[in-house]
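The structure under discussion appears below in the form of structure tokens.
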2 protein chains.
Amino acid sequence: MRTAVQTKEVRDAILDATDMLLARYGYKKMTIDDIANEVGIGKGSVYLHFSSKEEIALSHVDRIIERLCDKLSAIAEQNISTEKRIEKMIVTRVTFRFESVQHYTQSLNDLLSSLRENLLSRRKKYHDAEAKIIASVIKSGQKSGDFRSGNALQLANSFLLATNSLLPFNLSTKELGKREDIEKSARNLTRLLLRGIKK
Amino acid sequence: MRTAVQTKEVRDAILDATDMLLARYGYKKMTIDDIANEVGIGKGSVYLHFSSKEEIALSHVDRIIERLCDKLSAIAEQNISTEKRIEKMIVTRVTFRFESVQHYTQSLNDLLSSLRENLLSRRKKYHDAEAKIIASVIKSGQKSGDFRSGNALQLANSFLLATNSLLPFNLSTKELGKREDIEKSARNLTRLLLRGIKK
DNA sequence: TATTGACCGAAAGCCATTTTTAGTCAAGTC
DNA sequence: GACTTGACTAAAAATGGCTTTCGGTCAATA
């Protein structure tokens, strides 16, 4: 019998292969056979884990965001000032997402145009998930008196919105610029925003 | 002899026609003959004013930004608090650009993908031009003691960067959401940022 | 001197044919 | 019998050869 662990491993292997193949070929050129070969399973088996090619690519993106949210949650727990935590979280959000798709160079556009609609609706979910984590830290900062009062979730949304244009959503990483510059802009902006919520 | 005024008028008429035709057909489907017919001049005459189809479209976008900058400059001169001026400017930037391309619905993507590279380099110029105007108000706010000191141009850049994701650059106006929501987000975010630079 | 539209070559559209590929499922494996 | 597979199919994408369209030019014209 197939155990849950095995299922998860194969699923992850499929997404790993997807990541590699997306970088090499882009979405349109990547075939299910490519994935199956790369993982070393039959094509039919891929469909035991995912219902369509599109779902595979979307799950791949989902996984990136899940990993990001794990990182954010970890930072939220760290034993540093609320202010530093927020800064670290926003900068991490920007740089991690940058790094996650950095190796796609030309093929990012292909992915985005192919999945446009579906990605747009997921974007909102991603945003909400990230906002919740940020909001929890803002709340704790408000409790401790570091931050002025106000709707924490709304403030978190503002932090995310403000740094959204630094994310490689429609612009490829190449078009966005150097990683260091992106990071600098993110840090800079976050500090300005933090000043806006400090007591 | 053709006067400078006549030249300017024809040039503007060409860009007016371009605006209309871009909305109706999109960039790829719009032809130079369409433009010439719409303006009521010969096709060759179009090329007395512009060197290529691409340049026409780019000039059309340039004109939008010029008009925006005029609006921003006008607000910069208004007799209201520096804070209110900044808020008005940022909100105007977002809503004016929204309205300028609102009628393109589906055809915005077409324009963006056709002119991608050229638009990307202009984007920087637009950003700089807008930043200069904002920075002048920040500076005057710093002088009057409303705002804390700091590199005004850099602060202006942060204000723009923060609201960039509200601009219809790669997302169509439809994808961005309702105009009122965009405006609300812009205002909200600007106020937060303003708190960050107030003394 | 200013304007034009006939003209040119390149690019885009078109369509019929071939190839590839997403997704299925009967057969096979352990 | 639970799980995996790759041959199979319908649909989509690529190909190629032909036709039309269109961006850009420039000699003719007003």
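Roughly how large is the B-A contact in terms of buried accessible area, totalled over both chains, probe 1.4 Å, nearest 100 Å²? Write down the numbers at each step before the final one.
On the way: alone 10890 and 10910 Å², together 19590 Å².
Answer for the B-A pair: about 2200 Å² buried.
Which of the listed residues, B:Leu68, B:Ile133, B:Gly196, is farthest toward the dipole's positive end in the range B:53-199, when Lys, Arg count +1 and Asp, Glu count -1 at the beta-carbon?
B:Gly196
What is the calculated FRET efficiency for A:Ser51 to A:Asn188, with r their C-beta to C-beta distance and R₀ = 41 Å, to the nearest 0.05?
0.45
Per-residue Cβ counts within 10 Å, from other chains only, averaged over B:78-88: what number is that?
Partner-chain Cβ atoms within 10 Å, mean over residues of B:78-88: 0.
Over chain B, with a Gaussian network built from C-alpha contacts below 10 Å, which listed residue (B:Ile80, B:Ile133, B:Ile182) shows the highest mean-square fluctuation?
B:Ile80
Just tell me how shielded A:10-17 is by partners: mean number of partner chain Cβ atoms within 10 Å of each residue's Cβ, no decimals.
Average neighbour count from other chains, rounded to a whole number: 0.
Show that you can apply the helix-only estimate: for chain B, add -39,500 (n - 2.57) for every DSSP H stretch of four or more residues, divide by all residues, and state [θ] at 222 nm to the nearest 500. Intermediate results must be reported in sequence, preceding the final value.
Values: 9 runs with 154 residues, N = 199.
Computed ellipticity for chain B at 222 nm equals -26000 deg cm²/dmol.
Counting only heavy atoms of protein chains, what accessible area per residue, in Å², does the range B:52-197 have with a probe of 1.4 Å?
That works out to 44 Å² for each residue.
Test of understanding: what is the full-extension gain from A:His103 to A:Lys174, defined as 0.36 nm times their sequence separation minus their Cα-Cα distance? Mind dumping the intermediate values first?
Numbers: separation 71, 0.36 × 71 = 25.56 nm, distance 0.99 nm.
Computed gain between A:His103 and A:Lys174 is 24.6 nm.
What part of the accessible area of the protein assembly as shown, given as a whole %, is carbon or sulfur when the probe is 1.4 angstrom?
49 percent
Could you do me a favour and compute the accessible area per residue for the range A:1-50, 1.4 Å probe, result in Å²? Write out the running numbers ahead of the final one.
On the way: 2970 Å² over 50 residues.
Accessible surface, normalised per residue, equals 59 Å².
Could you compute how much accessible surface A:Ser45 exposes when probed at 1.4 Å, giving the result in Å² to the nearest 10?
Solvent-accessible area, nearest 10 Å²: 40 Å².
On alpha-carbon atoms, Rg over Rh for chain B using Kirkwood Rh?
Here the Rg-to-Rh quotient is 1.03.
Working out 0.36 nm times the residue gap between B:Gln154 and B:Ile32, then minus their Cα-Cα distance, what length gain in nm do you get to one decimal?
Result: 39.8 nm gained on full extension.
Starting from the Cα of B:Leu120, step 7 Å toward the Cβ, then list every residue of the range A:106-121 with an amide N under 13 Å from that point.
Counting only backbone N, you get A:106-110.
Would you kindly work out, in nm and rounded to one decimal, the distances from the label point of B:Ala23 to those of the same position in each other copy, ordered shortest first, with label points 7 Å along Cα-to-Cβ?
Inter-copy label distances (nm, one decimal, shortest first): 4.6.
Could you list which residues have their amide H under 5 Å from that of A:Lys198, counting only those 5 or more apart in sequence or on another chain, with H placed in the peptide plane?
A:Arg148
Could you pull the copy-to-copy label distances for B:Lys174, with points set 7 Å along Cα to Cβ, in nm to one decimal and sorted shortest first?
3.0
Can you tell me the order of B:118-124, A:167-173 when each peptide is scored by its average per-residue count of other Cβ atoms within 10 angstrom, highest first?
Working: B:118-124: 13.4, A:167-173: 19.3.
Put in order of decreasing packing, that is A:167-173, B:118-124.
Quick one: Cα convex hull volume of the range A:1-50, Å³ per residue? Could you put the intermediate results ahead of the total?
Numbers: hull volume 3.3 nm³, N = 50.
Enclosed volume per residue, from the Cα hull, is 65 Å³.
Could you give, in nm with one decimal, how far B:Asp62 is from each other copy of that position, shortest first, with labels 7 Å out from Cα toward Cβ?
Nearest to farthest, the other copies are at 4.8 nm.
The values are calculated or read from the model by the stated rules, or taken from the named source; none is laboratory data. The model shown is predicted, which means the values in this text are computed figures rather than measured ones. Positions of Cβ are generated from backbone atoms using ideal geometry, with glycine treated the same way; all protein chains shown enter the neighbour counts. The protein model used for the area step is the full one, side chains on, heavy atoms only, and it has no ligands, DNA or RNA in it. Shrake-Rupley method; radii C 1.70, N 1.55, O 1.52, S 1.80 Å.
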